[in-house]
1. Test each condition in (1) at pLDDT 90 or above; (2) within 13 Å of chain A (Cβ to nearest Cβ) for B:D366 and report the one that comes out false.
2. Mind counting the residues in segment B:372-388 that are out of contact with any strand residue (DSSP E or B) (no Cβ under 6 Å at 6 or more places or on another chain) and either aromatic (F, W, Y) or outside any helix (DSSP H, G or I) (or both)?
3. Residues of segment A:371-387 being in contact with a Ser or Thr (Cβ under 6 Å, 6 or more places away or on another chain) and away from chain B (no Cβ under 14 Å), which ones?
4. Do you know which residues across segment B:397-417 are buried (at least 20 other Cβ atoms within 10 Å of the Cβ), in contact with a helix residue (DSSP H, G or I) (Cβ under 6 Å, 6 or more places away or on another chain) and within 14 Å of chain A (Cβ to nearest Cβ)?
5. Give the residue that is nearest to A:M382 (Cα to Cα), with candidates limited to residues of segment A:303-319 that are in contact with a helix residue (DSSP H, G or I) (Cβ under 6 Å, 6 or more places away or on another chain) and not β-branched (V, I, T).
6. Of the residues that make up segment A:336-351, is at least one within 26 Å of the chain's Cα centre (by Cα) and either at negative phi or aliphatic (A, V, I, L, M) (or both)?
7. Are there any pairs with C-beta distances below 7 angstrom linking a residue in segment B:321-342 that is more than 8 Å from chain A (Cβ to nearest Cβ) to a residue that is part of a helix (DSSP H, G or I) and charged (D, E, K, R), with the two at least 6 apart or on different chains, and if so which?
8. Run B:D293 past the list (1) more than 8 Å from chain A (Cβ to nearest Cβ); (2) among the acidic types (D, E); (3) out of contact with any His (no Cβ under 8 Å at 6 or more places or on another chain) and report the number of the one that doesn't hold.
2 protein chains.
Amino acid sequence: MKKITSESEYREELSARGRLPEGFSTGLTELEFIPEELDNDVKMPMNLSLLLLERPTDSFAGVFTRNKFPGAPVLLCRSRLESGLFRGIIINNKIANVCTETGLGDAETVVSAAASAIGCEAEELMAASTGVIGWRLPAGEITSAVPALLTAAEADCSRNALGLADHIMTTDSYPKLRSRNLAGGTITAVAKGAGMIEPNMATMLCFIMTDLDVPREILREMLPRVVASSFNRITVDSDQSTSDMVIAASSKRVECTDYIDFEAALSEICQELAGDIVRNGEGTAHVIKVRVDGAESSLQAAAVGKALANSPLVKTAIAGNDPNVGRFVSSIGDYCGNNDIDIDARRTEIRLGGELIFSGGSLVLDPAKEVRLSAYLKECRMDPVHKGFPLHEKSVEIDINIAMGESHATILGSDLTHEYVRENADYRS
Amino acid sequence: MKKITSESEYREELSARGRLPEGFSTGLTELEFIPEELDNDVKMPMNLSLLLLERPTDSFAGVFTRNKFPGAPVLLCRSRLESGLFRGIIINNKIANVCTETGLGDAETVVSAAASAIGCEAEELMAASTGVIGWRLPAGEITSAVPALLTAAEADCSRNALGLADHIMTTDSYPKLRSRNLAGGTITAVAKGAGMIEPNMATMLCFIMTDLDVPREILREMLPRVVASSFNRITVDSDQSTSDMVIAASSKRVECTDYIDFEAALSEICQELAGDIVRNGEGTAHVIKVRVDGAESSLQAAAVGKALANSPLVKTAIAGNDPNVGRFVSSIGDYCGNNDIDIDARRTEIRLGGELIFSGGSLVLDPAKEVRLSAYLKECRMDPVHKGFPLHEKSVEIDINIAMGESHATILGSDLTHEYVRENADYRS
């Protein structure tokens with residue numbers, strides 16, 4: 001992405017890359033509701049979005065949170081994977097529809113109402129929700145807003161996914177949209193998520209649209225691999241929410257001649273969106289990119305990388321622009337020791353910003369190098385109070401070679417700043 | 001422990017419980033050194049401590065960090081477990097002797113010099129170090145201080161472990177000492193540690209002394225069990241340092257008739273010390289005590305408890321006195337889902353401060369309960385800027401029943417406050 005210096009430039013950039021693939025439309029509307037759980041009668045606004053295919057497709061796939069206490073929309077969407085056809089998905093923010101007694105029924109009510117209005121089977125529609133955990137979904141108010149939603153979808157002539165990317169946000173400070181043109185077709189994806197941040201707020205959602213004709217079986221084989229190397233390789237605060245989902249669908253309008261190219265493009269898009277989410281993580285001042293080489297498996301490489309990226313001591317050191325690399329070494333040794341990974345300190349090498357900092361079992365530091373590394377960390381810093389666009393896409397690069405095998409993985413994480421604590425601790429205190 | 005309201009009261013309390021078991025003495029001295037790694041010639045102070053048995057004993061045991069990049073003292077002490085006899089341990093702060101090329105040789109130099117002065121074999125002495133990672137141990141300066149250390153040990157007539165507990169501190173804000181009288185004998189233990197906190201500072205150290213005659217084999221079977229249910233059940237910031245160690249030795253002066261009673265007393269002491277360490281954790285305003293029941297194994301129970309206690313979202317919510325229990329649920333579901341633990345949300349129950357907050361797959365909250373829970377969190381709060389004594393020993397009690405089996409475990413953790421970030425991020429920025 002070119003250098004962005006203002007929110008309007010960022011939106012122009014997103015709009016330019018945001019063309020909807022053939023056969024897709026979006027509808028956006030708003031509604032108001034009064035949460036049952038509160039003692040007052042203050043109305044809250046809710047965004048309602050519809051991602052719709054002109055014709056039902058059999059080529060769709062989904063990957064969902066592995067959280068054992070999943071939200072009702074996750075349960076509903078999982079069951080929809082068995083359906084023969086997919087027509088679209090209805091998405092609300094403000095309430096995640098998780099951990100309530102009536103959750104699944106409420107989601108079914110919304111989907112049935114939307115299906116009647118569209119004129120399709122309820123089994124062809126999915127639902128996604130993001131927001132407060134434990135509050136009841138206002139199914140009645142959402143159902144009442146369905147006609148307006150469909151009217152909006154029919155009237156939309158922008159043919160652009162930026163509106164959808166905007167409308168599904170909760171605590172995100174800017175929309176997330178990435179795309180690729182490929183062999184006469186398009187892949188466009190939007191995502192939301194900035195860590196599990198506000199009290200009870202949750203959820204990473206990603207919707208991938210394409211007109212390239214990738215058969216259902218191939219898409220369903222491909223999507224878990226793509227997610228494994230993108231969204232499952234990021235960690236803002238090490239928590240996986242109850243509601244995370246990635247949905248992909250093809251309108252099959254354009255012949256796809258090379259599925260390997262398609263998967264490569266899809267992987268790039270998802271890795272870029274994953275980077276957007278980390279960059280927008282609450283209180284994030286540094287994006288940390290940990291590449292682990294020389295592992296026995298890519299899972300092992302990812303686990304070692306996550307151990308480093310999730311260490312509060314590493315995260316706070318980087319937040320303070322402090323090249324306190326003893327903490328890097330300790331976090332790796334801690335993880336390996338407690339997970340029976342037979343790493344040899346004498347063969348392990350660690351680099352920060354390309355500079356060797358650990359080799360032969362010892363730290364290799366000198367005062368001049370410390371000054372250089374601190375300057376490097378400052379250069380990678382963003383303003384942790386996010387504006388409406390990402391300031392840059394630099395990250396703190398940590399490269400680790402554990403010299404045990406041939407596999408590698410890259411993890412994206414974020415530092416741990418006062419702003420993170422402020423967002424997460426000071427909300428109701 | 002009775003209610004403590006001042007540092008002098010706390011020290012009186014520790015002194016009263018601090019009697020050294022028969023056959024032990026301590027020596028304390030100070031020295032100055034100039035770190036090789038710095039560009040200037042500013043002298044730094046270092047505390048040197050000796051824990052000495054009057055006669056060598058064959059009854060001693062050690063449990064060490066599982067970190068794969070252990071410090072030189074850990075390597076030296078591990079090798080000493082093979083020795084027939086143990087006479088004592090020499091302990092320094094300021095430098096951890098980790099990740100330097102000459103580390104093991106430097107530790108051997110110190111131990112050999114001390115052995116000559118004492119008149120014992122070098123194999124009968126251990127070494128422990130805590131402080132900066134990556135800096136070279138000033139073996140020459142320490143060796144020069146050995147005569148003063150021995151003189152101090154011989155001259156010490158306090159017969160009290162409080163001086164040792166004071167002398168081994170680094171960033172601890174108060175000494176940690178616990179003891180039990182049992183069947184005519186004594187068990188007294190001191191510990192240091194407050195998380196891996198200052199840049200490159202590390203290490204939890206614990207030294208257990210007893211005059212009760214527990215045979216070597218029994219002590220060595222017992223100590224790992226005791227550590228597993230105490231020090232291995234705490235988590236300040238989820239990092240296990242390169243230097244953690246627990247050493248136990250018996251002078252065998254008093255007959256021990258019941259090893260089960262002995263182990264129970266030792267477990268209590270170690271659990272109390274573990275609590276002292278968490279309570280003194282950098283920036284800790286709330287100690288979090290998570291009890292998990294109904295697990296298939298105690299390891300599983302401990303893992304679920306640690307997942308909750310290490311969740312940054314749970315830790316920040318508690319820091320803010322915010323009973324944001326959706327985060328509790330999410331962190332448990334996340335851990336179980338990603339570790340193939342087949343938990344059933346509908347059978348899981350969660351309590352906070354004794355109040356039921358999750359049951360039958362749903363949160364059970366109402367506005368009045370939220371107010372009560374927030375008041376409860378405030379009541380458990382300490383001042384995160386530690387004084388020279390612990391303000392109280394209250395903890396935030398979270399009880400989870402996962403209804404899968406009969407096993408349980410209790411984890412002690414700490415919240416995540418601005419003070420934690422300040423200590424760990426702002427040191428050199």
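1. Condition (1) is where B:D366 drops out.
2. Residues meeting the conditions: 9.
3. Quick first cut of segment A:371-387, residues in contact with a Ser or Thr (Cβ under 6 Å, 6 or more places away or on another chain) only: A:384, A:386.
Residue satisfying the conditions is A:H386 alone.
4. Across segment B:397-417, the qualifying residues are B:G413, B:S414, B:D415, B:L416, B:T417.
5. Per the stated criteria, the residue is A:A319.
6. To start, the set of residues in segment A:336-351 that are within 26 Å of the chain's Cα centre (by Cα) comprises none.
No, because not a single residue in segment A:336-351 is within 26 Å of the chain's Cα centre (by Cα) and either at negative phi or aliphatic (A, V, I, L, M) (or both).
7. B:P323/B:E370
8. So B:D293 meets the others, but not (3).
The values are calculated or read from the model by the stated rules, or taken from the named source; none is laboratory data. Just so it is clear, the structure is predicted and the values come from calculations on it, not from any experiment. Positions of Cβ are generated from backbone atoms using ideal geometry, with glycine treated the same way; all protein chains shown enter the neighbour counts.
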